[in-house]
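Following: one structure in structure tokens, then a few remarks.
The values are calculated or read from the model by the stated rules, or taken from the named source; none is laboratory data. Everything numeric here is computed off the predicted structure, so don't read it as measured data. Using ideal geometry, Cβ is built from the backbone for each residue, glycine included, and neighbour counts are taken over all protein chains shown. Heavy atoms of the whole protein, side chains included, go into the accessibility calculation; ligands, DNA and RNA do not. Shrake-Rupley method; radii C 1.70, N 1.55, O 1.52, S 1.80 Å.
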Amino acid sequence: MTAGELTLAAVDLGASSGRVMVARVAPGQLDLREVHRFPNRPVRAAGTLHWDVLGLYAGVLDGLRAAGRLDGVGIDSWAVDIGLLDADGELLGNPVHYRDARHATAVPTVHAVAGPGELYRVNGLQHLPFNTVFQLAAMRRRTGFGRARHALLVPDLLAYWLTGSVGAEVTNASTTGLLDSTTGEWAWGLIDRLELPRHLFPPLVRPGDRIGELSPEVLAETGLTGPVPVTAVGSHDTASAVVGVPAHGARFAYVSCGTWSLVGVELIRPVLTDASRVAGFTNELGVDGTVRYLRNVMGLWLLQESLRTWAAAGLPADLAELLAAAAQVPAFTAVVDPDDARFMPPGDVPARIAEVCAETGQAPPSSQAETVRCILDSLALAHRRTVRQAVRLTGRDVDVVHVVGGGARNTLLCQLTADACGLPVVAGPVEAAALGNVLVQARAAGVLAGGLPELRALLRETQATRTYRPTGDPAGWDAAERRVHGAVDD
């Protein structure tokens, strides 16, 4: 180890897998490697879809054990889902998965107290029926809710088990629908009107704050030597991924592309107009007081579920082969809206795509390759639409689109996104969330200095990317947009 170098672990949990990454960080140095990867398999029990959060915690401990000597740990994951702790700190059941249908049943209850327009003026969030505000409203009706003392988002729950400290990291708290997007504090007025107990909402912590240290029990379990600090990072994985965008300057859009495509721009203040609400844009808090102005697009979930469906049916499901075949399919053979609500639940996505195509007067895909091409054309079209809307709604011009996350490996999707947007696409790094995680830890420890521009400069110096230039005639994308939405969104 060189002088001033830290070895830091990034616990990065996605919707389909978790991983523990270890980085060596010093001025001018950022090396990242994966030491442990483990599946994240939701479990349906008694009609409810749950996360196996104890299995995830076991995977985290295994990863920390495999990491060896560490100078720090940070945790990021997906948003909105919560675990309830009782007064003794015991977990009251596994967190319910955001794709479970019960959350949506509470939407009318919440809207009877605060309508969509009022909610948006407070929390600035895109309406999604699984936002935490709806989850908690649904939980209120269930036996045992009164025993809950704290409601912890997934990264905060894991941090509690590692350290014993209870808190709510603000970038993830901003996805609950119960944080004031202007002040960055809990929206106590809304919480009181919804008759949610105030004690459920722990003190807020911000990226760079020290949460605590690995407990003696965890040190013994993992074989690590303490003290090992646990630092708050952008605990919403998209917040960390946006830190991990190797942008130069402010005129960029990003697509954090995995199970979801989070498409947007980085701002310094929220956009709370009614036009923004109607367009479905969200204002989530980012690192260093930034705002992640973005829209959730269904993302590679459509491809993941298609592969799972084909594999279960004994059909070929090799992704590389299917992508190569899809590249030979003529463009725009069929296009759909990835955000059609029918695509949300797990199940036979290829059959649902065929159903939507038939309803819209298009010939349904007749092969697996055509289905894959339909998904990727449709995602690129949604990326184009969302980038253009973000530019129009914010007045922020965009010169380049950065694609980070797992989707950066999908060369066909990256090229189609460049073609659709008419802008260069810079793809990579794939592990942007883990990189953003360790950058915030390293800065908090004093090894790195500066703001986001300086952190991103280190990414450009140390991480490989690939640039895709737009090709083809934009008229084809305009025609495809009219097939999906009836108009071109300029």
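Quick notes
- Pairs linking a residue in the stretch 220-239 that is free of Cβ contacts under 8 Å to residues at least 40 places away in the same chain to a residue that is surrounded by 15 or more Cβ atoms within 10 Å (Cβ to Cβ) and part of a helix (DSSP H, G or I), with Cβ atoms under 6 Å and 6 or more positions apart or on different chains, are GLY226/LEU219.
- Test: residue in the stretch 346-353 that is farther than 24 Å from GLY472 by Cα, charged (D, E, K, R) and modelled with pLDDT of 95 or more: yes
- Looking only at residues in the stretch 369-426 that are part of a helix (DSSP H, G or I), among the basic types (Lys, Arg) and under 22 Å from GLY280 (Cβ atoms), the one that is least open to solvent (accessible area, probe 1.4 Å) is ARG384.
- Of all residues in the stretch 267-303 being polar (S, T, N, Q) and assigned to a loop (DSSP other than H, G, I, E, B), the one that is most open to solvent (accessible area, probe 1.4 Å): THR273
- Selection of the stretch 228-264 for residues being assigned to a loop (DSSP other than H, G, I, E, B), of a type in the set (A, V, I, L, M, F, W, C) and under 17 Å from VAL387 (Cα atoms) yields VAL245, ALA247, ALA250, TRP260.
- Sole residue being in contact with a helix residue (DSSP H, G or I) (Cβ under 7 Å, 6 or more places away or on another chain), basic (Lys, Arg) and open to solvent by 40 Å² or more (accessible area, probe 1.4 Å), chosen from ARG210, ARG193, ARG251: ARG193
- SER261 open to solvent by less than 50 Å² (accessible area, probe 1.4 Å) and over 30 Å from ARG443 (Cα atoms): no
- Close Cβ contacts (under 9 Å, 6 or more residues apart or on different chains) running from residues in the stretch 25-50 that are at positive phi to residues that are open to solvent by 90 Å² or more (accessible area, probe 1.4 Å) and outside any strand (DSSP E or B) comprise GLY28/GLU461.
- From the options PRO429, PRO453, residue that is in a helix (DSSP H, G or I), of a type outside the set (Ser, Thr, Tyr) and either open to solvent by 10 Å² or more (accessible area, probe 1.4 Å) or in contact (Cβ under 8 Å) with a residue 12 or more places away in the chain (or both): PRO453
- Test: residue in the stretch 149-165 that is surrounded by fewer than 22 Cβ atoms within 10 Å (Cβ to Cβ), within 25 Å of ILE268 (Cα to Cα), among the small types (Gly, Ala, Ser) and in contact with a helix residue (DSSP H, G or I) (Cβ under 9 Å, 6 or more places away or on another chain): no
- Among the residues of this structure, HIS50 does not count as one that is open to solvent by less than 10 Å² (accessible area, probe 1.4 Å) and under 18 Å from PRO346 (Cβ atoms).
- Some residue of the stretch 101-119 being surrounded by fewer than 16 Cβ atoms within 10 Å (Cβ to Cβ), in contact with a strand residue (DSSP E or B) (Cβ under 7 Å, 6 or more places away or on another chain) and modelled with pLDDT under 95: no
- Odd one out for ALA317, checked against (1) over 23 Å from THR386 (Cα atoms); (2) assigned to a loop (DSSP other than H, G, I, E, B); (3) within 21 Å of the chain's Cα centre (by Cα): (3)
- Answer residue from the stretch 213-240, given it is under 30 Å from VAL263 (Cα atoms) and not β-branched (Val, Ile, Thr) and is most open to solvent (accessible area, probe 1.4 Å) among those: ASP237
- Candidates ARG269, ARG292, ARG308, ARG277: the one that is modelled with pLDDT of 95 or more and in contact with a Phe, Trp or Tyr (Cβ under 8 Å, 6 or more places away or on another chain) is ARG277.
- Selection within the stretch 457-480: residues that are surrounded by fewer than 12 Cβ atoms within 10 Å (Cβ to Cβ) and small (Gly, Ala, Ser). The member of this set that is farthest from VAL440 (Cα to Cα) is ALA475.
- If you filter the stretch 322-346 down to residues that are over 20 Å from ARG384 (Cα atoms) and part of a loop (DSSP other than H, G, I, E, B), you find that the one that is most open to solvent (accessible area, probe 1.4 Å) is GLN328.
- The stretch 65-81, residues that are under 21 Å from ASP156 (Cβ atoms) and either among the hydrophobic types (A, V, I, L, M, F, W, C) or part of a loop (DSSP other than H, G, I, E, B) (or both): LEU70, VAL73, ILE75, TRP78, ALA79, VAL80, ASP81
- Summed over the stretch 42-95, residues that are of a type in the set (Lys, Arg) and within 29 Å of GLY144 (Cβ to Cβ) total 1.
- Among the residues of the stretch 7-42, those identified as open to solvent by 50 Å² or more (accessible area, probe 1.4 Å), basic (Lys, Arg) and outside any loop (DSSP other than H, G, I, E, B) are ARG24, ARG33, ARG37.
- The stretch 165-221: number of residues that are assigned to a strand (DSSP E or B) and closer than 25 Å to ARG443 by Cα: 8
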